[in-house]
Structure formats: C-alpha cells, structure tokens
Amino acid sequence: QVQLVESGGGLVQPGGSLRLSCAASGRMPSIGTMGWHRQAPGKQRELVASITSGGTTNYADSVKGRFTISRDNAKKTVYLQMNSLKPEDTALYYCYIFSTGRDYWGQGTQVTVSS
C-alpha cells in the first residue's frame with residue numbers, strides 16, 4: 001500500500017515563504033515523475049510543478065521564478081519551496097507520484113496567503 005503524506009502548509013502573509021514536503025511510503029520499485037497540483041475554491045485543479053526522475057522540472061507560468069520543486073529519491077520525498085507568496089496562491093496543494101504505471105496522490109495540505 002503506497003501512501004503519501006504532505007506537510008508544511010499553513011497561513012502566511014503575502015510575500016512570505018513556505019516549504020511543502022511530501023513523503024511516500026510503501027513498495028515502489030521505481031519512482032517516476034513527482035509533482036504538485038493545487039485547487040482553489042471554485043476553480044479546477046491545476047499543475048503547479050513537476051520533476052522527472054532525471055531532474056527535469058516544469059512549472060506553471062504563474063509560479064515561475066517564485067517556486068522551486070526538488071526531490072530526494074532516497075527518502076521518496078518531493079519538496080516545493082514557495083517564495084514571494086501571493087493571495088492567489090491560496091489553495092489546497094496535493095502532491096503526486098507516478099510509480100509502477102499509475103499516479104498516487106496525497107490528501108492535500110492547505111496553503112493560505114493572507115494579511
């Protein structure tokens with residue numbers, strides 16, 4: 001049974017920073033792409049950032065230059081460093097991992113950017 005546990009969300013003022021973590025447990029012979037999506041109230045879920053097993057990264061235009069995704073394969077963990085946060089970054093953030101032919105998703109962690 002593969003499980004993903006996210007942490008690091010919270011309330012932060014505009015311009016602040018947060019670092020999200022997502023740790024996977026369970027049997028995964030190999031791990032492919034890892035990433036983060038987010039969903040704000042009343043909006044569709046959108047890709048925030050992804051990172052392949054080879055380290056190639058991809059970002060939504062809205063977060064380029066502010067967010068950085070990274071991974072630690074030994075720890076089966078993916079990170080999202082979020083800087084210069086804006087109110088429009090407020091959302092529920094979900095991590096995912098692609099392994100053995102399917103996606104696995106975390107339960108989500110809330111990020112709220114407000115003064």
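The values are calculated or read from the model by the stated rules, or taken from the named source; none is laboratory data. Just so you know, these numbers come straight off a predicted model, no measurement behind them. Ideal geometry is used to build each Cβ from the backbone, glycine not excepted, and the neighbour counts take in all protein chains shown. Note: accessible area is taken over every heavy atom of the protein model, side chains too, but ligands, DNA and RNA are not part of it. Shrake-Rupley method; radii C 1.70, N 1.55, O 1.52, S 1.80 Å.
Rank these residues by their accessible area, most exposed first, probe 1.4 Å: Val78, Val12.
On the way: Val78 0, Val12 20 Å².
Greatest to least solvent exposure: Val12, Val78.
Label separation (Ser70 vs Ser84): 1.9 nm, computed from points 7 Å beyond Cα along the C-beta direction.
Take region 7-115 with all the other protein chains still there, run a 1.4 Å probe, and you get 51 Å² of accessible area per residue. A straight Cα-to-Cα reach below 29 Å connects Lys75 with the lysines Lys64, residues fewer than 8 places away in its own chain not being considered. Rounded to the nearest 10 square angstrom, Lys43 shows an accessible area of 140 square angstrom against a 1.4 Å probe.
Take the Cα of Val5, step 7 Å toward its Cβ, do the same at Asp103, and the gap between the two points is 2.4 nm. Using 0.36 nm per residue and subtracting the Cα-Cα separation, the extra length available between Ser115 and Asn58 on full extension is 17.6 nm. Near Ile69, once Lys and Arg are set to +1 and Asp and Glu to -1 for all other residues with Cβ below 13 Å from its Cβ, the sum equals +4.
For Trp105, Trp36, write out the residues from largest to smallest accessible area, computed with a 1.4 angstrom probe and no ligands counted.
Values: Trp105 100, Trp36 0 Å².
These residues rank, largest area first, as Trp105, Trp36.
The phi-based Karplus calculation (6.51 cos²θ - 1.76 cosθ + 1.60; θ = phi - 60°) puts the 3J(HN,Hα) values of region 17-26 at 10, 9, 10, 8, 10, 9, 9, 9, 9, x Hz, whole numbers, x for Gly and Pro. Under a Cβ-Cβ cut-off of 11 Å, what is the net charge of the residues other than Gln110 that fall near it, where Lys and Arg count +1 and Asp and Glu count -1? Spelling it out: positives minus negatives among the neighbours equals 0.
Size of the chain from its Cα atoms: along the principal axes, largest to smallest, the extents are 44, 25, 24 Å. Taking the DSSP beta bridges with both ends in the chain, the antiparallel portion is around 95 percent.
Sorted by accessible area (1.4 Å probe), largest first, how do Ser70, Ser115, Ser53 line up? All intermediate terms of the calculation are to be shown ahead of the outcome.
Values: Ser70 45, Ser115 130, Ser53 80 Å².
Putting Ser70, Ser115, Ser53 in descending order of accessible area: Ser115, Ser53, Ser70.
I want the local charge near Thr57. Using Cβ-Cβ distances under 14 Å, sum +1 for each Lys or Arg and -1 for each Asp or Glu among the other residues.
On the way: positive: Lys64, Arg66, Arg71; negative: Asp61.
That works out to +2.
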